Structure formats: structure tokens, C-alpha cells
Amino acid sequence: MNLQESKGCRSFSIIHNKIVRQIRTEVMVSNGVITDAASRGPEECGAKSYMAIWDTGASSSAITQRVVDELRLPIISRGMTNTAAGYVATTGHDIHLWLPHKVVITHCVASCVDLGKIDADILIGMNVIVQGDFSISNYDGKTIMSFREPSMGHIDYTKA
């Protein structure tokens, strides 16, 4: 993983030495009721480490019941969520999410759903991805995913 910090933004790249079909990162999650999470470290906020999958096809982020139970997350909403398995009843939870290089997304609302067989406890959806710049390239037999927060400009391959 390549990490950089410059000009007021934080960024990271995940480099795979082959073409991959899933982008996976380790993240830290804490209860969203904790204040000042952005100025505190994840350990100070009682965050725990989980495996996450990035999903541009998901409009919002999701967590498993394991995350809800381990962090004792209170329910902030109830509703229905459209998943690959159809509409399911869900509960909403307020979390702080630390991406690699301690890029923190505070007060992220995540739905508790069964993520099936993806072998991860967090699904990072577009509600997180749109808070920065996100890019995937598959050049020379390698997949590289890059993310920076906040957004610093457009990535337009037709102008490159």
C-alpha cells in the first residue's frame, strides 16, 4: 500500500500485483456517538479493525451484525434496503470509519445487512466514495485503487 499526505488531503493507493475483481482494505470503525473523532485517533475512540470491500454499485455503506454487536451500536433508523438478494429489513447505525492512512469519514450512516459470502464485515458504498476522488486502473497486469479525501479535482482520462 502506498500512502501519501499533501496539500491538506490524505490519500492512499492499494496495489495488487495481478488483476483483481474485488477491492478490499482493512478499516477501523467506531461508534458514531463519540465526538471529535476527526481530531482523535481510532484507538482513542474505541475503534475496531474490520475487512471492507469497496462497492461502487452500492448507494450506501453496510455493516454486519457482528460490527453492530461488537461496537454496541445503537439503532438510529429502521427501513428497507435493496440488496442483491432483494429488499430486506435493515437498521441504520451512525459510525466513524477510518480508511487506510487514517482518512476518517465521520458520522457515516451504515445499514446492518447480511453481506453473504464476501468475507468482509463492511461494504463501503457511494455515500463514502463520493467524499473524495476514487480511481481504479488495471495496467500492465496490476490493479491499483487510489482514493484521496477531500476531492482535489476531476480525473478525466480523455484529457490525459
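Data table
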| quantity | calculated |
| --- | --- |
| Of the criteria (1) surrounded by fewer than 22 Cβ atoms within 10 Å (Cβ to Cβ); (2) farther than 30 Å from K142 by Cβ; (3) of a type outside the set (F, W, Y); (4) modelled with pLDDT under 90, which one K102 fails | (2) |
| Counted residues, region 90-118 - those being out of contact with any strand residue (DSSP E or B) (no Cβ under 6 Å at 6 or more places or on another chain) and without any contact (Cβ under 8 Å) to a residue 24 or more places away in the chain | 1 |
| In region 133-154, residue nearest to M80 (Cα to Cα) [restricted to those that are modelled with pLDDT of 95 or more and part of a loop (DSSP other than H, G, I, E, B)] | N138 |
| Filtered residues of region 62-78 (kept if touching a residue at least 24 places away in the same chain (Cβ under 8 Å) and either assigned to a strand (DSSP E or B) or farther than 22 Å from T35 by Cα (or both)) | A62, I63, T64, Q65, R66, S77 |
| Test set (1) at pLDDT 95 or above; (2) more than 17 Å from V27 (Cβ to Cβ) - A84 fails condition number | (1) |
| Selected residue (criterion: modelled with the lowest pLDDT) from residues of region 105-119 that are crowded, with 18+ Cβ neighbours inside 10 Å and part of a loop (DSSP other than H, G, I, E, B) | L115 |
| Selection count, region 1-33, where residues are small (G, A, S), in a strand (DSSP E or B) and either surrounded by 12 or more Cβ atoms within 10 Å (Cβ to Cβ) or at pLDDT 95 or above (or both) | 3 |
| Unmet criterion (only one of (1) surrounded by 21 or more Cβ atoms within 10 Å (Cβ to Cβ); (2) in a strand (DSSP E or B); (3) more than 13 Å from the chain's Cα centre (by Cα)) for G92 | (1) |
| Every pair of residues 6+ apart whose Cβ atoms lie under 6 Å, when the first sits in region 34-46 and is on the phi > 0 side of the Ramachandran plot and part of a loop (DSSP other than H, G, I, E, B) while the second is modelled with pLDDT of 85 or more and not acidic (D, E) | G46/S30 |
| Residue that is farthest from the chain's Cα centre (by Cα) [pool: residues in region 49-61 that are surrounded by 15 or more Cβ atoms within 10 Å (Cβ to Cβ) and assigned to a strand (DSSP E or B)] | Y50 |
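The values are calculated or read from the model by the stated rules, or taken from the named source; none is laboratory data. Everything quoted here is computed from the prediction, not taken from an experiment. Note that each Cβ is placed from the backbone with ideal geometry, even for glycine, and that neighbours are counted across all protein chains shown.
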